[in-house]
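Visitor: Attaching a single structure in C-alpha cells format; questions to follow.
Nothing in this text is a laboratory measurement; each read-out follows from the coordinates by a stated rule. Treat the numbers as computed from the prediction; the structure is a model and nothing was measured. Cβ coordinates were reconstructed from backbone atoms using ideal geometry, including for glycine residues, and neighbour counts include every protein chain displayed.
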Amino acid sequence: MDATDHSGIGEEFSGPGPRPVLPEGSGSAPRAPGRNQPKRRLMGLDAVRGFALVGMMGVHLLPAWTDNFEPTASWLLFAGKSAALFAVLAGVALAFNSGGRRPMRGRTLTAARASLAVRGLLILGLGLAIAYVDMPAYIILAYYGAMFILAIPLLGLSVRPVAFAALALALAGPVIMQAVRDGLPEPGYDPTFATALADPGVFFSQLLFTGVYPALPWMAYICAGLAVGRLNLTDAGIQLRLLTGGAALAVGAWLASVLALGPLGGLKAIQDATPALSADAVNDALIWGPDSSLPTTSWWWLTIAAPHSSTPLDILLTIGTSLAAIGAALLAANVIRGVLTPLAAAGSMTLTLYSAHLLVLATGFLADLPYVSWGIQVAVAVVFAFLWKRSLGRGPLERVIAAATQRTRDHVLASRPQPA
C-alpha cells in the first residue's frame, strides 16, 4: 500500500492533487508520465492530529476545574474541541482517499466506498472491544466507525454539496436528536458487542442519537472535513483562510450563544422549563456540558455551546476551532517543519496511541498526579511514534486496518462486471 492512502484515523496525510483515473475494470493505476514521484507530505495535518491526541489525553487526565471551581486552561482549550478536531481530520482523510480535489468516479469510487465500509466496521469493532475495559473516560471509536459507515454515500461529492451537508447537519442534526430522544431507550456507558447483540435498539440509538458522540449531528464534522480535503491545502492563501475563517466562525457561534442565553432570554426560559435542575446546575451545564445527554425540557437548550452538548452552536463553534487549528498547523509547517516532526509522527498513528492511552488510563497510572501522568503519557507516545515511524513506518493498528482496506480496494478494482 503506497503512501498516498489514508485511513482517517492514524494515517499519514499527503497533499491532494491530480491523480490518474483507473479505466473501468482495471485493477491498478497506470503510471502517468512525470507522476512517479511521491506526493508532497502535508506534515501540518499529521501535526495537528497529534495535537488533538495530546488534547484528548488532557481531557481524560487533567483537572477540569481550579480550586475556585473555575474551568482550567486545559479544559477551555481541549474539552470538546479535540474530539471535534479528530472528526474533522477524519473527513479530510476521507476526501484524500476518494480523489482529493477531484472526487473519484466509477469503479475507483466503488472501491473507495467498499474499503471505507471495512474500515468503519473494524474501527467500530475495536471500540466495542475496548469498551469491555473499565476506564474513567468515554470511548469515541465506536461512534467514529458509525460515522465512517454513514459517510460512504458522500465520497463522490465535491466541495459545495459536502459543505452544504455540513451546515445542514450542524443545524438540523441536533434538532432531530432532541425531537426523538424522549422516545428512545436510555443508553449505557459505552456500547459493547453484548449491547449490540442483546439490545440492538439501544445500540443503534446510542450510536446515532443518545450517546456522548451522537453520529447524526457529528456527521457535520465529517462533512466539514470532506469539504476541506477537496481544497488545495498546499496553497498558503487557503491555509490562511482556514485559520481566519475558522476563528471567525468560532467567535460568531460563541457570541450567538451569549446573545441567545442573555438578551434573548434563553437562560431564563431553560431555568423555568427545567425546575428539576437548580440555577447552579443549569449554569454548570453551560460551562461543563450536560452530565449525560442534553435535557429536552426546552428548545432553548439548543442555544448553549458547552462542550459535548452537540447543539448547533457547539458544533459550529468546534468546526470553527478545528478549521482554525488546521489552517494554523499548515501555515506553521511551512516555516517550522522540523519542530513539528515528532508531533506529526504521533499524529500519523493516533489509532494505536489513543487505544494504548485508554488501556493505560484503565490501570489508574499515577491517577493522583494527573499532570505527571499526562506528561509521561504524551512523552512516551511521541517518542514511541517517532522511533517506530523512522524504523517501521505505519503504526501497528494502522497496519492492520490498512491491510484489510487495501485488500478490499484491490478486490473491487480487480473484479470484472458480469455479462448481462
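Visitor: Would you please give the residues with an amide H less than 5 Å from that of residue 65, counting only those at least 5 places away or on a separate chain, with H modeled from the backbone geometry?
Guide: Hits under the 5 Å cutoff: 72.
Visitor: What share of Cα pairs, in percent, lie more than 15 angstrom apart in the stretch 133-200?
Guide: Here the tail beyond 15 Å accounts for 71 percent of pairs.
Visitor: While we're here: Looking at the square roots a ≥ b ≥ c of the eigenvalues of the Cα gyration tensor of the stretch 279-420, which shape do they give, rounded for a/c under 1.5, prolate if a/b is larger than b/c, or oblate? Provide the component values of the computation, followed by the final result.
Guide: Numbers: a/c = 1.87, a/b = 1.30, b/c = 1.44.
Oblate.
Visitor: Using 7 Å Cα-to-Cβ label points, what is the residue 121/residue 341 separation (nm, one decimal)?
Guide: Between residue 121 and residue 341, the label points sit 4.0 nm apart.
Visitor: Need the full-extension length gain, residue 410 to residue 392, defined as separation in residues times 0.36 nm minus the C-alpha distance. One decimal, nm. Kindly include the intermediate steps, with their values, before the conclusion.
Guide: On the way: separation 18, 0.36 × 18 = 6.48 nm, distance 2.32 nm.
Once the chain is fully extended between residue 410 and residue 392, it gains 4.2 nm.
Visitor: Ok, one more. Between residue 281 and residue 137, what FRET efficiency comes out of the Förster formula 1/(1 + (r/R0)^6) with R0 = 30 Å and r the beta carbon distance, rounded to 0.05? Walk me through the numbers before you get to the answer.
Guide: Values: r = 23 Å, r/R0 = 0.76.
Step by step, r from the Cβ atoms, then E = 0.85.
Visitor: What is the Rg over Rh value, at two decimals, for the stretch 271-362, using alpha-carbon atoms and the Kirkwood definition of Rh?
Guide: Working: Rg = 18.8 Å, Rh = 16.4 Å.
For the stretch 271-362, the value is 1.15.
Visitor: Looking at the stretch 161-234 from every direction and averaging, what is the projected area of its Cα convex hull in nm²?
Guide: Working: hull surface 24.2 nm².
For the stretch 161-234, the mean projected area of the Cα convex hull comes to 6.1 nm².
Visitor: Something else: What nm distance separates the two modelled labels at residue 359 and residue 189, each placed 7 Å from Cα along Cα→Cβ?
Guide: Rounded to a tenth, the inter-label distance reads 1.9 nm.
Visitor: A further question on this structure: Indicate the gyration tensor shape class of the stretch 75-156 (rounded, prolate or oblate), computed on the Cα atoms with a ≥ b ≥ c the square roots of the eigenvalues: a/c under 1.5 is rounded; otherwise a/b larger than b/c is prolate and the rest oblate. List each step's numbers first, then the result.
Guide: Values: a/c = 4.07, a/b = 1.61, b/c = 2.54.
Oblate.
Visitor: In bins 5 Å wide, starting from 0, what share of all Cα pairs of the stretch 128-169 does each bin hold, as a percent?
Guide: In order of increasing distance, the bins hold 5, 18, 19, 18, 12, 10, 10, 7, 1 percent.
Visitor: Continuing with this model, one more query. Sticking to Cα atoms, compute the Rg of the chain to one decimal and its Dmax as the biggest Cα-Cα distance, whole number, in Å.
Guide: Reported Rg and Dmax, both Å: 21.3, 74.
Visitor: Based on the Cβ-Cβ distance of residue 372 and residue 251, what FRET efficiency does E = 1/(1 + (r/R0)^6) give at R0 = 45 Å, to the nearest 0.05? Walk me through the numbers before you get to the answer.
Guide: On the way: r = 35 Å, r/R0 = 0.77.
The pair residue 372/residue 251 has a calculated efficiency of 0.85.
Visitor: On full extension of the chain, what length is gained from residue 102 through residue 179, given 0.36 nm per residue of separation minus the C-alpha to C-alpha distance? Walk me through the intermediate numbers first.
Guide: Working: separation 77, 0.36 × 77 = 27.72 nm, distance 3.72 nm.
Here the answer is 24.0 nm.
Visitor: Report P(r) for the stretch 105-144: all Cα-Cα distances, bin width 5 Å, range 0 to the bin holding the largest distance, values in whole percent.
Guide: Per 5 Å bin, starting at 0, the Cα pair percentages come out as 6, 23, 20, 15, 12, 9, 7, 4, 2, 0.
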